[in-house]
Structures are given as C-alpha cells and as structure tokens.
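Reviewing the structure listed below.
The numbers here are math on the coordinates, done by the rules we state, and not lab data. Because the structure is a prediction, the values reported are computed rather than measured. Neighbour counts run over all protein chains shown; Cβ positions are idealised from the backbone, glycine included.
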Amino acid sequence: MTSYFPSHGDIRYGVAQYDLTLKYRVSTNWLDATALLSVIAHEPLTGLDLDFGQFRVAGVTVDGVSARYTHRDGKLRVSLPWTLHVGATAAVEVRYTGSPKPVRSVWGGLGWEELTDGALVASQPIGAPSWFPCNDQPGDKAPYRITVTTASPYQVIANGLLVHKYRSAGTTTWVYEQPEPMASYLASVQIGRYQFSDVGGTRLAHPPRLGARARHDFGRQDQMMTLFVDRFGPYPFAGGTVVVADDDLDIPIEAQGMAIFGRNHVDGRRGHERLVAHELAHQWFGNSLTVASWQDIWLHEGFATYAEWLWSQASGGPTADELAARWRRRLEILPQDFVLGDPGTALLFDDRVYKRGALTLHAVRRKLGDQAFFLVLRAWTDTHRHGNVTTDAFVAHVGRYAEPSVVPLLCSWLYDKPLP
C-alpha cells in the first residue's frame, strides 16, 4: 500500500503509550514540554525516527540512558543505546522547548495554532508533529495522558477524561487521560477563556457571551446520540466535549472524544446543525474506527456525511433519499475523473470524498434494505471498535451480509471513475 505521506511515520515500531507534559505561556506562545513514549519494536531496532517540528531538543533518553539524536527536516532520529529486539519495549523521553508552529501543507497550517487569546490544535492529517514527537501515521494508535499547565484564567480541554486539576502560584494544571487508542492526528489541546455548560450529557466549552446561543445550537445532541447509537451501535468513548473557540474557523475540527467549532458556527438558529451531526458521527467513523491509510478516508468522511442525511430525515428535514438524489445530480455535472477508494493526496478533502462516499452507502442501503444495512453498520463498528480499518475490509464485511450482486455494486462506486 502506497503512503500518501511517505515522510511521516516509521513502520519499524509502534507506540504503546504517550505521556505528554506541557507548560504553555499563552502570551508568548511558548511551550516547555516533555514527551514520554513507550515504544515496541516490530523488527530489530538500533534507532527510530520520530516526526517532530521546529523545537529546541534539550535531551533524549531511552530507559533513562542518554541517547544520541539528530533533529532536522521534521525528523528526530534517535540512536538507541542497545538493539531493541522484536516485541521488546523501551521508554523514549524527549525534552523540548519552543514556539509551536503549524506544519505547512497544501491545506494551510496544520496542528498547534495561536488564537486571539488562547490556542487550539487541528492536526488532520499531518499536524501532530507541530506540538509533540510522534509516530505520525493513522495506523499506529495508542492511549494518551496529557498534562497541561497554563495561566489560571484559561481553561484547558484535551482528549479523554479530566482526572486531576490543581492550582499553584497563578497557574492551573490539567491532567487528561485517554485510555482508548488514538491516532496522533486526533490528539488535541484547546486553551481559552471558556465557560462550561452541560447540554444533554455533552460537556460544552464556550466563550461566556455565547452561552445561550451555543446551548441552543448544540441542544439536540442528545437526540442525535440516540439516533446514532441505534444506527451505529454504542457510543465508543466514556464522554464527549464540544468546544466553541472564540475565533472564526473555516470548518469544524474533529478530535477523539471532542469536536471544535468556531464562533462563526454558532448563530442561535441551529444554522450549522448538519455539521454538529457530522462531527458527532466521527466519534464512530474516524476516531473509534480509524483508517490504516489515508487513501481510505471515505470511511471517515462518507460515513459522517451519511450521518448528516440520517439526522436530517430524523429531525424533519429532507430525507436521505431526497439528499441522495440532490447530490447525485450535482456530482453528475462534475468531471468524472475521481476514484473514491484512492482519491490521491491532492483530493483527500475534495467534496466528492464526502458526497460520493455518502451516496455509496445509500446505494448499498437501497440494495440491502434498512434492516440488513444497519445491521452491517453496527457489526462494522463492533468488530473494529478502537481499531484500524481499510476499504478492502469493508467490502469483505458487506459481502458477508449480502447477496453476491452487492459487492460488484459497491466496488463500482469505490473504484470506477464514472458515477454508477
């Protein structure tokens, strides 16, 4: 399988645990941090490569022993003090300081980003090295512990559950634990002057002045959750948080157990509610079930887009049939030069990934019928819960539940350029 980002990731090892300890100064965008990675060798290792941005590395140790390293061109290359044999583990600690900067990409800056008064992390697909050293590939998932210390007027939200919080001399330390495995691009920290509200069991962080509008706009998440649990199976995480940043954002941002919206997505009229449904669905498709390779991104975005259509119908809007017909007409007038199952890096976030992905699922649904189709989806999320998925695995999965003619239909949507 060809990697869309061959300079990212090192398949020779995996990470079993990340423990990130960050001290962040909002006023100067300055990070003083330690990252402790528990790595496991997939082949005999005398060294390993970590994806890592523009920081000053103060030192690297392996199981407490100082290790030699080089750091340039986005790679921290660590020479191990001894050979790490297959299946053996080692604790790699990296101490570093600097001003986090987004990773440059064709989609703009990715990763840690300064806000007007705070910071956010938006890493999909290759922005994680902007703030911590990692094995930056979606197929290498691990639990995380994220500790952030910053000035006390600011609130900190990170993945997982808040397990400790304590104050000291004008700063507050927040400790979050994410026990379910997580891809590096989904690791996230949000820092701002937020107020917390509880909306239908979801923790909502928002600027205080936007409280009433935010509580209204996200007020139907509990109904969305009921619908999606019925269609997709049990919610895969212990909790969930929605963050409304006090800046405008082009699009909402997904993270594991979290979704981040801009203040421009909050209008008090639920004008962006389809995006609320989309980001919630990513907790199943993208965060619990994560692609092993970026070429299969339709398994995230097509499914989340289809969830929008399901919510539209359930909430009294256009039905899934109506939305499918509408988008079919729109896609028909576009160039027929696109392969959903392997769109290429330049088209990774093309709207056709989203809409043709959703149309693919609707075509399978119409072929199978509702009862069998949603059984397929629930079995898919159950079988691969907290794991990695591929398009080939999905095709095989559908084949186990369907008459033989369904698989050729599915493959024509995935691999033929013209719309079936």
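Against the numbered list (1) more than 15 Å from ALA122 (Cα to Cα); (2) touching a residue at least 40 places away in the same chain (Cβ under 8 Å); (3) acidic (Asp, Glu), ASP247 comes up short only at (1).
Is segment 66-86 home to any residue that is over 28 Å from the mean Cα position of the chain (by Cα) and closer than 19 Å to PRO143 by Cα?
Within segment 66-86, none of the residues are over 28 Å from the mean Cα position of the chain (by Cα) and closer than 19 Å to PRO143 by Cα.
Looking across segment 348-384, the residues that are among the charged types (D, E, K, R) and either within 16 Å of ALA307 (Cβ to Cβ) or more than 21 Å from the chain's Cα centre (by Cα) (or both) come down to LYS355, ARG356, ARG365, ARG366, LYS367, ASP370, ARG378.
Scanning segment 196-222 for residues that are in a helix (DSSP H, G or I) and more than 23 Å from ALA314 (Cα to Cα) gives PRO208, ARG209, LEU210, GLY211, ALA212. For segment 122-177, a residue qualifies if it is free of Cβ contacts under 8 Å to residues at least 40 places away in the same chain, of a type in the set (A, V, I, L, M) and over 23 Å from PHE237 (Cα atoms), and exactly one does: ALA169.
Inspect segment 315-328 for any residue being touching a helix residue (DSSP H, G or I) at 6+ places or on another chain (Cβ under 9 Å), surrounded by fewer than 24 Cβ atoms within 10 Å (Cβ to Cβ) and closer than 22 Å to ALA259 by Cα and give the result as yes or no.
So far as segment 315-328 goes, yes, one or more of its residues are touching a helix residue (DSSP H, G or I) at 6+ places or on another chain (Cβ under 9 Å), surrounded by fewer than 24 Cβ atoms within 10 Å (Cβ to Cβ) and closer than 22 Å to ALA259 by Cα.
The set of residues in segment 81-129 that are closer than 17 Å to ASP51 by Cβ, in contact with a Leu (Cβ under 7 Å, 6 or more places away or on another chain) and hydroxyl-bearing (Ser, Thr, Tyr) contains only SER123. Looking across segment 50-67, the residues that are closer than 13 Å to LEU36 by Cβ and not hydroxyl-bearing (Ser, Thr, Tyr) come down to LEU50, GLY59, VAL60, VAL62, ASP63, GLY64.
State which residue is nearest to the chain's Cα centre (by Cα) when the search covers only segment 304-347 and only residues that are in contact (Cβ under 8 Å) with a residue 60 or more places away in the chain and closer than 16 Å to ALA281 by Cβ. The extreme case among them is ALA307. Answer yes or no as to whether SER38 is over 22 Å from VAL86 (Cβ atoms), surrounded by fewer than 21 Cβ atoms within 10 Å (Cβ to Cβ) and small (Gly, Ala, Ser). No; evaluated as a whole, the condition is false for this residue. Of the residues making up segment 396-420, those that are free of Cβ contacts under 8 Å to residues at least 12 places away in the same chain and part of a helix (DSSP H, G or I) are ALA396, GLY399, ARG400, PRO408, SER412. Residues considered: TRP284, TRP294. Of these, the only one that is within 13 Å of the chain's Cα centre (by Cα), of a type in the set (Phe, Trp, Tyr) and surrounded by fewer than 24 Cβ atoms within 10 Å (Cβ to Cβ) is TRP294.
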